[in-house]
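The values are calculated or read from the model by the stated rules, or taken from the named source; none is laboratory data. The structure displayed is predicted, hence computed values, not measured ones. Note: ideal-geometry Cβ built from the backbone for every residue, glycine included; neighbour counts use all protein chains shown.
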Amino acid sequence: MTVETKETNEVKEMREAKPVAAAMAHIDDYAAVVGQSEIGALRTFAKQLQGHRVKMVNSTAVGGGVAEILNRLIPLLDELGVPTRWEVITGGEQFFAVTKGFHNALHGAPYEGHDDWFEIFRNTNEENRHRMQFDEDVVVIHDPQPVALVNARDGSKSRWIWRCHIDLSHPSQEVWDFLRPYVERYDASVFSAPAFTQGLAIPQYLVSPTIDPLADKNRDLDPEFVRDVVERFGIDPSRPILTQISRFDRLKDPVGVIQAYRMVYRHNDCQLVLAGGGASDDPEGEAVLNEVKEAAAGNPDIHILNLPPWSHLEINALQRASTIVIQKSLREGFGLTVSEALWKKKPVVASAVGGIPSQVLHKLTGMLVHSVDGAAYQIRFLLSNPDFARRLGENGHEQVKENFLITHNLMRYMMLFLSLQKSN
Amino acid sequence: MKQASTPFQFVTASYLIRIGRERAVTLAELARGLHSCSDASIFHHTFQSLERQHYISFSNDFAQWALTGCNEAPLAERLAAIDIRDCTTIEGLRDSLTSSVDGYVKLNPSSSSRLSFEPFYFCEAFEFAVPRDERATTLAELEEGIRTSNLQTLHYHFINSRLRLHLQTNDFSHWIETAMELPELARRVDRIDIYMNTLDDLREELVRTIHPWVNQ
């Protein structure tokens, strides 16, 4: 069967283009969004941490929500006077195939690892441990990939935090049994929701991931620019647009979205946009993209956009142009794309998995669903009830403003650092 | 302009939330948890929850879970009716919560062991408060301090103050009454209904109430 590729010249050009560094917002710029008083509070607590140095380590510099958060969080911590260094572990294809397998298994998928996977994981972490230095006061390790770096803490007075961005509520026991001894050597752990935890012996703290309202992905855009982007991708801005923004990953269920769309399409005229890219630590992206193209074959109203990681303005424009934003994940860490859509006052239809129910309060800030049928039904309902859909979007914006902006993340991290300082 | 006998000390406050290991999947487990959980947990699910998610039906987490997790609307209403403004100690609040749940479970034994749709996770909130450089010695300075306080600081001064003062009042009213000797204004400030307002609304309402008295 021939797979229809809908990659337009526009997408090809973007993939070949060099990224242009966006002008970074400064801490005082956020006063326009959250108020000067919140910025004053951040400065007050930052003063309490003066002289403390922080290191954060994760597994990818681009692609995915974690890298996006760190890209903004770290410069802002620096600006507040809490010097923070970001390092990314290195590893070969084999290592990232192993960690992807771990990732899926920790999310509850069957573990199909080979005999040497644990060894590959240990060896790569050891190589990184020897390459890096850990002389900061606080070391924050993000997610399972670099978790074994905690071996470096022998003889060190640093406080170590494991920041888990994924849902550990139903992990593969084999993988979790392997990782847990590393995790319990940390001083504290951080999760995105209470339901994600595993009853660890170390303290477990709650820090919600957040979006940056001033980043290219979320800042206000000129409506003409939005229209221009949509038209360049061959999408008709005058007809309803349903959009899911996610990397091409089976856990995001892009094929399920297409199935739901086909059910809606029988009753409502609308277009579907599936836009995303791949993270450098995700070796399955291409295979999933091909599955998606195959599922979409034959319908010119389905637009599959495999965008490069620097397409923030385009993603922002696609979300703003959408009539409804979908996030039909099968498993989810937090699902930051939901907060991005809510911030743009979009009605959201999203699966009740992972951190999504803390963002989408059913019938108040969006619609929660549990199946393809449910997604199709709620999309049809919102398309037929635009006033209700608008109210959801407005409530959603307030919900994000109160809970899920980067200024909250800065505050929580500083509270955590202060708490560890006190316990020291 | 009238001067206070002692200045009002503003603080900057924020909270860190710790996820406990205890969880409940039935009302009976909630009842047991309410007896055994830490004071910081009771504080988090009642006082601290008032600042979050004002779209949901009830502003304390126990009531909300009784409704959405257990579909026990009468219990949810009973728990929501416990007004934390009447409580000056966590122990007093814990007694009110446990007697409500224990009483309900006793009257409705079939509800007691029915599995909830989703677990209740006991969490704890830890408060951090740092004194600000600013102090108020007049109502004008108090008003300005309220305007420039972050939302969690307003929560600290207006809601959590009861646990520090062990009085059924808030920091602003307490100071207005004792240091400014304006009992009528103190009463008006304390009457502001935090249950029906967001913290942003609370700030506006505080300023609206205090402002006419500034030049008196």
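Is there a residue being closer than 16 Å to B:Leu27 by Cα, touching a residue at least 60 places away in the same chain (Cβ under 8 Å) and within 11 Å of chain A (Cβ to nearest Cβ) anywhere in the range B:45-68?
no
Can you find a residue in the range A:248-258 that is out of contact with any strand residue (DSSP E or B) (no Cβ under 8 Å at 6 or more places or on another chain) and surrounded by fewer than 19 Cβ atoms within 10 Å (Cβ to Cβ)?
yes
Criterion first (within 24 Å of A:Ser246 (Cβ to Cβ) and touching a residue at least 12 places away in the same chain (Cβ under 8 Å)) does A:Val66 satisfy it?
Yes; evaluated as a whole, the condition is true for this residue.
Take A:Leu206 and decide whether it is more than 23 Å from A:Thr99 (Cα to Cα) and within 14 Å of chain B (Cβ to nearest Cβ).
The answer is yes for A:Leu206.
Can you name the residue in the range A:378-424 that is of a type in the set (Val, Ile, Thr) and more than 11 Å from chain B (Cβ to nearest Cβ) and, of all such residues, is surrounded by the fewest Cβ atoms within 10 Å (Cβ to Cβ)?
A:Ile406
Restricting attention to the range B:128-141, which residues are at pLDDT 90 or above and either within 11 Å of chain A (Cβ to nearest Cβ) or under 21 Å from the mean Cα position of the chain (by Cα) (or both)?
Passing the criteria: B:Phe128, B:Ala129, B:Val130, B:Pro131.
What do you reckon, is B:Leu79 aliphatic (A, V, I, L, M), part of a loop (DSSP other than H, G, I, E, B) and either over 20 Å from A:Ala195 (Cβ atoms) or assigned by TED's automatic domain parsing to the domain that holds B:Ala40 (or both)?
Numbers: aliphatic (A, V, I, L, M): yes; part of a loop (DSSP other than H, G, I, E, B): no; either over 20 Å from A:Ala195 (Cβ atoms) or assigned by TED's automatic domain parsing to the domain that holds B:Ala40 (or both): yes.
The answer is no for B:Leu79.
Do you know which residues across the range A:182-222 are free of Cβ contacts under 8 Å to residues at least 12 places away in the same chain and over 22 Å from A:Ala109 (Cβ atoms)?
Hits for the range A:182-222 are A:Asp220, A:Asp222.
Only one of (1) of a type outside the set (Gly, Ala, Ser); (2) crowded, with 16+ Cβ neighbours inside 10 Å; (3) under 14 Å from the mean Cα position of the chain (by Cα) is not met by B:Glu29, so which one is it?
(3)
List the residue pairs whose Cβ atoms are under 6 Å apart, where the first residue sits in the range B:1-30 and is more than 15 Å from B:Glu124 (Cβ to Cβ), the second is at pLDDT 95 or above and surrounded by fewer than 17 Cβ atoms within 10 Å (Cβ to Cβ), and the two are 6 or more positions apart or on different chains.
The qualifying pairs are B:Met1/B:Thr138; B:Val25/B:Leu115.
Among residues belonging to the range B:142-153 that are in a helix (DSSP H, G or I) and facing chain A (nearest Cβ under 9 Å), point out the one that is surrounded by the fewest Cβ atoms within 10 Å (Cβ to Cβ).
For the range B:142-153, the residue satisfying everything is B:Arg147.
Looking at A:Leu274, is it within 30 Å of A:His362 (Cβ to Cβ) and part of a strand (DSSP E or B)?
Yes: the conditions hold for A:Leu274.
Confirm whether A:Asp167 is free of Cβ contacts under 8 Å to residues at least 60 places away in the same chain and either closer than 28 Å to A:Asp28 by Cβ or among the acidic types (Asp, Glu) (or both).
In short, no.
Show me the helices (runs of 4 or more DSSP H) found entirely inside the range A:28-79 where at least 3 residues are at pLDDT below 95 and at the interface with chain B (Cβ under 9 Å from one of its Cβ atoms).
It comes to A:36-48.
Taking the condition within 30 Å of A:Phe233 (Cα to Cα), within 14 Å of chain B (Cβ to nearest Cβ) and assigned to a strand (DSSP E or B), does A:Leu368 pass? First the steps, then the outcome.
Details: within 30 Å of A:Phe233 (Cα to Cα): yes; within 14 Å of chain B (Cβ to nearest Cβ): yes; assigned to a strand (DSSP E or B): yes.
Yes; evaluated as a whole, the condition is true for this residue.
Please give the helices (runs of 4 or more DSSP H) falling wholly within the range A:284-345 in which 1 or more residues are without any contact (Cβ under 8 Å) to a residue 24 or more places away in the chain and farther than 15 Å from A:Gly256 by Cα.
A:285-296
Of all residues in the range A:189-209, which are assigned to a loop (DSSP other than H, G, I, E, B) and either in contact with a Ser or Thr (Cβ under 9 Å, 6 or more places away or on another chain) or not assigned by TED's automatic domain parsing to the domain that holds A:His142 (or both)?
Across the range A:189-209, the qualifying residues are A:Ser192, A:Ala193, A:Thr197, A:Gln198, A:Leu200, A:Ile202, A:Pro203, A:Val207, A:Ser208, A:Pro209.
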